[in-house]
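So the structure is just underneath, and the comments pick up after that.
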Amino acid sequence: MSNLGKKIIIIVLVLAIVAVVASLWWKSEQVDNVANLSAVDQALNLGNQTDTGTRENVSLLVDDQFPGQAIFVSSVVLPKGGWVVIHHGDNGQPGTVAGAGYFGPGVNTGEINLTVPTKEGENYLALLYRDNGDTSFSAKLDQVYLDANNQPVSISFKVTENLPEHKG
């Protein structure tokens, strides 16, 4: 066999190896993306009707949290700004308020400091509230955003020290 024939065979083998490695890498990226969809499934992206009948798009994503004095909001979208309020979970319903954080208009991430620290194994709810214009949270004066079924826009999360590792 000539040197040219050997070179062609080596090149074909190298290309085949590169194709196999690229295929394996592509499949692992797809698995990571599927795993990340579970977090997206927790996000709420709801249209909310205003007093004038127009729809506002709001969304909220809060992942499970470590016990402590703060809750980390992965994403909140509020067209005019508003409140993310953390409630103790009471059989899936919002219980007492543990803390509230104001977020300006648009897409935000941030931290909400709590009045009482969260505890291992407890469940909580994060709810979105419209601010009444005074940028001070009041459960009586600020209105909760409602979804298409007239239920509060909320997301539940638990507090645990055994959080999955997020890469990326």
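The values are calculated or read from the model by the stated rules, or taken from the named source; none is laboratory data. Please read these numbers as outputs of a predicted model, since none were measured by experiment. Backbone-built Cβ (ideal geometry, glycine too); neighbour counts: all protein chains shown. Heavy atoms of the whole protein, side chains included, go into the accessibility calculation; ligands, DNA and RNA do not. Shrake-Rupley method; radii C 1.70, N 1.55, O 1.52, S 1.80 Å.
Tabulated results
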| read-out | value |
| --- | --- |
| Matching option when the condition is at pLDDT 65 or above and within 24 Å of G121 (Cβ to Cβ), among G95, G82 | G95 |
| Number of the condition not met by G89 [criteria: (1) open to solvent by 70 Å² or more (accessible area, probe 1.4 Å); (2) farther than 24 Å from E56 by Cα; (3) part of a strand (DSSP E or B)] | (1) |
| All positions within the stretch 99-158 that are of a type in the set (A, V, I, L, M), open to solvent by 30 Å² or more (accessible area, probe 1.4 Å) and in a loop (DSSP other than H, G, I, E, B) | V116, A139, L141, A148 |
| Failed item, numbered, when L78 is tested on (1) touching a Pro at 6+ places or on another chain (Cβ under 8 Å); (2) surrounded by fewer than 20 Cβ atoms within 10 Å (Cβ to Cβ) | (2) |
| Options P94, P67; residue that is out of contact with any Gly (no Cβ under 6 Å at 6 or more places or on another chain) and in a loop (DSSP other than H, G, I, E, B) | P67 |
| Given (1) of a type in the set (D, E, K, R); (2) at pLDDT 95 or above; (3) within 13 Å of L128 (Cα to Cα), number of the condition E111 does not satisfy | (3) |
| Residue match in the stretch 98-111 (condition: over 23 Å from N57 (Cα atoms) and under 16 Å from the mean Cα position of the chain (by Cα)) | no |
